[in-house]
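As structure tokens, the structure follows; a few thoughts come after it.
The values are calculated or read from the model by the stated rules, or taken from the named source; none is laboratory data. Being a predicted model, the structure only gives us computed values, none of them experimental. Cβ placement follows ideal geometry from the backbone for every residue including glycine, while neighbour counts extend to all protein chains displayed.
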Amino acid sequence: MKIKPFLVSLYALTVLGSCKKSFDNSSQGDTYLMTVKEYKTKIPLASVKISLYKCTNYDYVFGCQSKAVFATHTTDQNGEYAFTSGELNQADEGIILAKSQYWDMGGGQGEILMEPEAKVNLTLKTSKPYPDTSLFELKTTSEFGTASFQTFMAPEDSTFNYRLFGNEENVINWIVYTKDLNCYQYCIEDTLASGSLTLNPRKFETLNASINY
């Protein structure tokens, strides 16, 4: 039986087309979607910066000694970004998400929630004299377990800005103490004063508060 050249060419194009379609579908399946939303409200967050880190100096005894960003991306208007499997495999030192007025969060495939920030203008007032070596320490922990932590030489009177977690209850624990300033680990501390302050800011809100110590 004699086959006409035109029919052979048409058959070849049909086979190539089906092979190409199969290849395209397999490559699309090699992606992993991440959706970034605001904590509690579930509002999709666009323009979130995605930084992928890899190890640049690995020691077989002590592990990774240094890391660096090898790629950056941003989420789209739906708060989404599709990773390739190659990106995820290479990001052996983590993926960090960052956006103005939000707390940084670790990323990856699936739904990721980012906590909005808030602030307080905190006024410190002393009620008695303290040694010149006194340290003032504040700490509050979010519902995600992220800590806002600050330590400085205790001033007599001062106003400063302290970062909080928006749309959450913030219990700020504070302490005034002394220690050997040359000690950095397992130091003996002498507590001089302590207390706590509870604030409930809305997201992006700036409050005013004071601590007498």
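Going residue by residue through region 136-157, is there one that turns out to be under 27 Å from residue 35 (Cα atoms), touching a strand residue (DSSP E or B) at 6+ places or on another chain (Cβ under 7 Å), exposed (fewer than 13 other Cβ atoms within 10 Å of the Cβ) and hydrophobic (A, V, I, L, M, F, W, C)? Checked against the condition, which is being under 27 Å from residue 35 (Cα atoms), touching a strand residue (DSSP E or B) at 6+ places or on another chain (Cβ under 7 Å), exposed (fewer than 13 other Cβ atoms within 10 Å of the Cβ) and hydrophobic (A, V, I, L, M, F, W, C), region 136-157 yields at least one hit. Taking region 58-68, which residues are part of a strand (DSSP E or B) and among the β-branched types (Val, Ile, Thr)? None - no residue of region 58-68 is part of a strand (DSSP E or B) and among the β-branched types (Val, Ile, Thr), so the list stays empty. Which one is farthest from residue 104 (Cα to Cα) among residues in region 161-213 that are modelled with pLDDT under 95, outside any strand (DSSP E or B) and acidic (Asp, Glu)? Taking the candidates together, the pick is 180.
Within region 38-95, the set of residues being out of contact with any strand residue (DSSP E or B) (no Cβ under 8 Å at 6 or more places or on another chain) and within 14 Å of residue 108 (Cα to Cα) comprises 86, 89. Where strands (runs of 3 or more DSSP E) sit wholly within region 69-143, those with at least 1 residues that are basic (Lys, Arg) and under 20 Å from residue 211 (Cβ atoms) occupy 117-125, 135-141.
Mind listing whichever residues of region 44-57 are surrounded by 14 or more Cβ atoms within 10 Å (Cβ to Cβ) and part of a strand (DSSP E or B)? Those that are surrounded by 14 or more Cβ atoms within 10 Å (Cβ to Cβ) and part of a strand (DSSP E or B): 44, 49, 50, 51, 52, 53, 54, 55. Of all residues in region 29-52, those satisfying the criterion of being within 19 Å of residue 101 (Cβ to Cβ) and among the aliphatic types (A, V, I, L, M) are 36, 43, 45, 46, 48, 50.
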